Amino acid sequence: MKDSGNSAAVGRAPERPVEADEFVNRKLIRPSLSTPHRSDSSNGQPLTSAEQRVPKRSNATEQTHAEAFYFQKQMQARTPMVIVLKDGEEVHGSIEWYDRNCLKISRGGQPNVLIYKHSIRYIFKAGENNGRR
């Protein structure tokens, strides 16, 4: 048998009397942040929300991945390369691996060499010298 007096209260939280001191006026506190401005415009307009979200690109050469593509292609083909250093020294060999800062050059019969990229003047394929020096 069902109790008709309790059926209406099923599934509800019991009602409590509202007390005035339980409610507190809660105010959202936001820090006062300076509004970013465009550095290229002289009129001092604030940035739009889209401009604030997009970070500035720091280095375009890392974005294109052209250097990584070139090194991968030369590594897979084991292309004989000539690396000319800033002091004029030439290192002959093939690229074994690379990272952001250096190249590992495998030289047939000689020890492998790890060369920092900042010390490289330029790189070319061994057959494309054409009298350069």
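Some observations on this one:
- For the criterion of being at pLDDT below 90 and on the phi < 0 side of the Ramachandran plot, THR79 fails.
- Scan of region 95-114 for residues that are of a type outside the set (D, E, K, R) and under 20 Å from HIS65 (Cα atoms), ordered by number: ILE95, TRP97, TYR98, ASN101, CYS102, LEU103
- Subset tally (residues that are of a type in the set (S, T, N, Q) and either touching a residue at least 60 places away in the same chain (Cβ under 8 Å) or over 15 Å from GLN74 (Cβ atoms) (or both)) for region 93-116: 3
- Residues that are open to solvent by 30 Å² or more (accessible area, probe 1.4 Å) and over 30 Å from the mean Cα position of the chain (by Cα), drawn from region 66-89: PRO80, ASP87, GLY88, GLU89
The values are calculated or read from the model by the stated rules, or taken from the named source; none is laboratory data. Fair warning: this is a prediction, and the values are worked out from it, not measured in the lab. With ideal geometry, Cβ positions are generated from the backbone for all residues, glycine too; neighbour counts draw on all protein chains shown. SASA here: full protein model, heavy atoms, side chains in, ligands and nucleic acids out. Shrake-Rupley method; radii C 1.70, N 1.55, O 1.52, S 1.80 Å.
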